[in-house]
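Below is one structure, written out as structure tokens; the observations come after it.
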Amino acid sequence: MLPTPAPTSPPSSPRPEAVAAENHEIVYPAPPKNSSSAPFHVLAALFDKLQNERKPEKRRKLLDSWFNKDRERAVYGLKEKNLAKTYIKLIPLGPRDPDAIRLLNWKKPTEREKSSGDFPTVLYEVISKRSSVIEGTLTIDEVNDVLDELSRNMGKSDVQSRLLQRVYNRSTPEEQRWIVRIVLKDMIISVKETTVFSVFHPDAHDLFNTCSDLKKIAWELWDPNRRLNEEDKGVQLFRAFAPMLCKRPTRKIEDSVREMQGRTFIVEEKLDGERMQLHKRGNEYFYCSRKGKDYTYLYGKHVGMGSLTPYIHSAFDLRVDEIVLDGEMLVWDPVSERNLPFGTLKTAALDKSKRDYNPRPCFKVFDLLYLNGMSLLQKSLKFRKRNLRACLKEVSGRIEYAVEYEGRTAKDVRERMNDIIASRGEGLVLKHPDSEYVLNGRNRDWIKVKPEYMDNMGETVDVLVVGWSNCCSTNLFATNSKKAGNYGTGRRAGGVSTLICAVLDDRHPEDDDESKYSTFVRIGSGLSYADYIWVRQRSWKTWDLKNPPSFLHVSKRGQEDKGDVYLEPEDSFIIKVKAAEIVTSDQYHMGLTMRFPRALKIRDDLDVSDCMRASAVLEGLRSEQKRKLEDDDGKPKKKQKRTAKKISLMPEYQGIKVKNVEIETDLLEGMKFMVASDPKSRSGEEDKKQLLQLIHAHGGSYVQVVKADPEILVVYGGASTPYDIKLIMNKGICDIIKPQWIMDCIARGDLIPMSKKYFFHATERRQQDDDYNLADDDEDEADPSASGSPVRDAEMKESNITEGEVEEDDSSMADWFKVKDPSIAQEDHRGDADSETEPDSDNEDITCDEDANPDEDGDDDWIDVKLSQARSSDVAQNGSEALGDSHATPAEADGQGRMGENHDAMEYDTELIFRHLCFYLDSPVNARKHDMTVNPKNEDALTRSFDKLSLLITKNGGHVADLDKPTLTHVVLDKRDITRRSELIKRTSKPKRRHLIIAEFIQACLDEDTLLDEDEFAP
């Protein structure tokens, strides 16, 4: 299997040029007249200010003062390598000159040159050593002329060299940097077209949505007093427009249904094809994609041309002369009678054999926008659909209506989703019947619903890549302590393999208007080799520990979300990540992270603004942690009779029985302790019990609740910071010591000075104490490890993990991302509770009053995740507690099998890639065992194939299990016999739906040395 191709364009790629049907040229008004041409250095100065200014309002003011209205121009045929060779000749530089080598290897970072990875900046630094031009003499008009000449002479290196020589002789290094950025179309000034539109003209955005043409906007709306009428803002025949989009899905189906305001809404299938608009006038047709690409040459301009137009012309009513339709272009296979994958669309459209049984394009129509000279954008969806039915008749396999249903409740949506899953569909779209069509809009009237939000197959989010790390993993839950991806091994040697990702932190608006991001998860699996090559070529910057990125919030504790290099948001990209579940973690600023995360794909169709928001993550946890479908029979469950339980104290407030504990010494007499257990430790409560017995045996006393008493010593030895401990720290009244102080005192038989090493958190009063500031003696009289404390054992394990040496990567590719050893400058502040950095998580917006907004659909049978009333006020302020008790997962509470070899496992194994996964093989033997029908054809071959598959799975860390195994994750079928597919879906949908895959998935993962997206291997 070939690697996944690298994205064709970065998320920040420019908008497409204006598109119109052939022979329907765009008519422009007379351009605005310039009294004179400004010097180019003025424009370069504007670019510098825009690049460095992070406040949106100030960027708008800069644009308001002056605009650059550039003309349409084709590509230049000049990339970084061509420009490097040209400048080496015109400067000139010798072939062995260090700067010549640096220009040719501009991507390669070094410790001396921090600008590596950004060619214009590298070029600027090389030129600035040699250029004698103090003030540039080129005007903007002259620069435009040079750019036009470069474009016209694409491929003629000698002509382009002479043009660039003129630029070199007449412009400063700063100006040349921006001219090269214009040539490379890599401006990185953090200004989108919407920002320019808002300053340029109040109607600019509306006009752009109807034509996608910047030139038309600049020439038609240069006068701010000229306003467009409503007809100018509507759809125009044979002009590409920006279509209406769906709102991103909510984490709870009831919330989406509630957006429909109690009305009967329209449910459409979300189609897996290419969004397409069809324009028709008489016998003439025009097809255009969502991004403005003209596909008329494929599907047919006239009745007698193309792969689609000749077959659908007769479908239109004779009264229809002009019409614009919105829909999805699919590939229909008449042999299998189903839609084929999206990737086969162009092949089917180019097929000229015209055989009846060959796959062909099929246009699925779902909206009518223009009819016989009238724009219908302002009409309701119900009106548009009613008229659509009267405009054309379906031609099977050529032009059809998108399948739609009526719905009113979340139950209706789930029932339709069951059908979609069984038919291998992508999802659903909910549409309000009164919705208007908003060009380039994305509002609550159209909401897409994905299967993964309904079938317990895990959590899927679109997150922003903010960095990658070369430090050792400090994940105490990892089952092995090897490096966390880092530079990569084997075929990934030298490339990025562990990405740090974040979500947009919208919980507290920032004063400086700069978007802030909150670290959330690390990704080390899922991307192909080709993807990693593309990722490696991004504009990475070295992470300065003393001056971290201003846009990024990181945790105070641990190093999981600290990187060696990072990406600015405008240089970054969105990645789609899937995981088993979201769990609490103090290793990330969100206070949460994803368990068993892996990348599904790079979303080059999204930009930074589409990043998942922190509030959306928290909303999902507040609503419901896990979801489940109704029983297959559709019957409502009977209410179970429950006997009221006897009121009792919560376990953490219950004391221990010390009646039979013998008093041994009076060492701790007069001291009061409050012992807190480690929620991340499986033996936390037992450790607490043993420690309380030791305190009692040596004369000390203990309390269950901390009051405002500075004499109370809180004892806690965990690696994380639970919310109750954090509250104590914030009050600053009581010190928090580690259990080791008590152990060492008992071992020595005397009270040891409380030096800094014995504190988890020290109050300001304690920090002024002489004992606190004593230097730690390297050779204590008593061996701390001799106590045998389980708490101490946990601390020793933590030390082994966090202090392990980083292995060297001998690959020649590793130098591409060579950065300074972080261990030299980076200190572990996990014990520094007095850090002045901001809190790990600010989730004050969470509320636990679930009863305040009861679900309208009383028949919906969803899992009810309730929190203890005793802790509800705490949870309201902390997102990490949204899961309830951090060591009692929802899966455990429901009696479900939880993914992983053990409950503490958090990440996939990069060596044994199937570790933590459990497979059922749909072999003939297993089928008969479960009373399912078996086709005797190819039975022996299938049996041998599954035997080999079983060996491959177990050899690479996976488990092969029976169908009723609670921890089952995958069901493997052979594509030669998928007759039991529907039955297997039904039998494995509870307690959560499993992945159904064909056998080729196993070998493909091994070939790519990573776990791939199961959806690509669905039977």
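The requirement of being in the same structural domain as Asn443 (by TED's automatic domain parsing) and touching a helix residue (DSSP H, G or I) at 6+ places or on another chain (Cβ under 6 Å) is not satisfied by Ile217. I'd like the full set of residues that are closer than 20 Å to Ser677 by Cα and free of Cβ contacts under 8 Å to residues at least 60 places away in the same chain, limited to segment 740-756. The answer is Gln740, Trp741, Met743, Asp744. When Asn938 is tested against (1) at pLDDT below 85; (2) assigned by TED's automatic domain parsing to the domain that holds Arg976; (3) under 22 Å from Ile523 (Cβ atoms), exactly one condition is not met: (3).
Say whether the condition of being touching an Asp or Glu at 6+ places or on another chain (Cβ under 9 Å) and in a loop (DSSP other than H, G, I, E, B) is met by at least one residue in segment 313-325. No: zero hits. Set side by side, the residues Arg162, Arg166, Arg130 differ, and just one is basic (Lys, Arg), outside any helix (DSSP H, G or I) and within 19 Å of Lys85 (Cα to Cα), which is Arg130.
Pairs under 7 Å by beta carbon, first residue closer than 15 Å to Lys738 by Cα in segment 757-773, partner in a strand (DSSP E or B), six or more apart or different chains? Listed by first residue and then by second, the contacts come to Tyr758/Ile737; Phe759/Ile736; Phe759/Ile737; Phe760/Ile736; Phe760/Ile737; His761/Ile736. Filtering segment 576-624 to residues that are in a helix (DSSP H, G or I) and out of contact with any strand residue (DSSP E or B) (no Cβ under 7 Å at 6 or more places or on another chain) leaves Ser609, Ser615, Ala616, Leu618, Glu619, Gly620, Arg622, Ser623.
Whether a residue is modelled with pLDDT of 80 or more, more than 17 Å from the chain's Cα centre (by Cα) and of a type in the set (Val, Ile, Thr) was assessed, and Thr593 does not pass this test. You will find that of Asp962, Asp1013, Asp922, the residue that is of a type outside the set (Lys, Arg), closer than 17 Å to Phe596 by Cβ and outside the structural domain of Asn418 (by TED's automatic domain parsing) is Asp1013 and no other. Mind checking which residues of segment 901-914 are in contact with a Phe, Trp or Tyr (Cβ under 7 Å, 6 or more places away or on another chain) and either at pLDDT 90 or above or crowded, with 18+ Cβ neighbours inside 10 Å (or both)? If the condition is that a residue be in contact with a Phe, Trp or Tyr (Cβ under 7 Å, 6 or more places away or on another chain) and either at pLDDT 90 or above or crowded, with 18+ Cβ neighbours inside 10 Å (or both), then Ala905, Met906, Glu907, Tyr908 are the ones that fit. Counting only residues that are within 29 Å of the chain's Cα centre (by Cα), give me the helices (runs of 4 or more DSSP H) lying completely in segment 905-1019 with at least 3 of them. Filter on segment 905-1019 gives 1000-1008. All told, Arg227 meets the bar of being assigned to a loop (DSSP other than H, G, I, E, B), over 19 Å from Phe366 (Cβ atoms) and modelled with pLDDT of 85 or more.
Within the bounds of segment 47-65, is there any residue that is under 28 Å from Glu142 (Cβ atoms), out of contact with any Lys or Arg (no Cβ under 8 Å at 6 or more places or on another chain) and either at pLDDT 80 or above or assigned to a loop (DSSP other than H, G, I, E, B) (or both)? There is no residue in segment 47-65 that is under 28 Å from Glu142 (Cβ atoms), out of contact with any Lys or Arg (no Cβ under 8 Å at 6 or more places or on another chain) and either at pLDDT 80 or above or assigned to a loop (DSSP other than H, G, I, E, B) (or both). Would you call Arg275 among the charged types (D, E, K, R), within 27 Å of Phe208 (Cα to Cα), surrounded by fewer than 21 Cβ atoms within 10 Å (Cβ to Cβ) and in contact with an Asp or Glu (Cβ under 7 Å, 6 or more places away or on another chain)? The answer is yes for Arg275.
Summed over segment 404-446, the residues that are more than 17 Å from Lys385 (Cβ to Cβ) and either of a type in the set (A, V, I, L, M) or in contact with a His (Cβ under 7 Å, 6 or more places away or on another chain) (or both) give a count of 7. For segment 210-223, filtering for residues that are at pLDDT 80 or above and surrounded by fewer than 20 Cβ atoms within 10 Å (Cβ to Cβ) leaves 3. In segment 236-253, is there at least one residue being surrounded by fewer than 19 Cβ atoms within 10 Å (Cβ to Cβ), over 30 Å from Arg360 (Cα atoms) and modelled with pLDDT under 80? The answer is yes; a qualifying residue exists.
The values are calculated or read from the model by the stated rules, or taken from the named source; none is laboratory data. Values in this document were obtained by computation on a predicted structure and should not be read as measured data. Don't worry about glycine lacking a Cβ; one is built from the backbone with ideal geometry, like all the others, and counts go over all protein chains shown.
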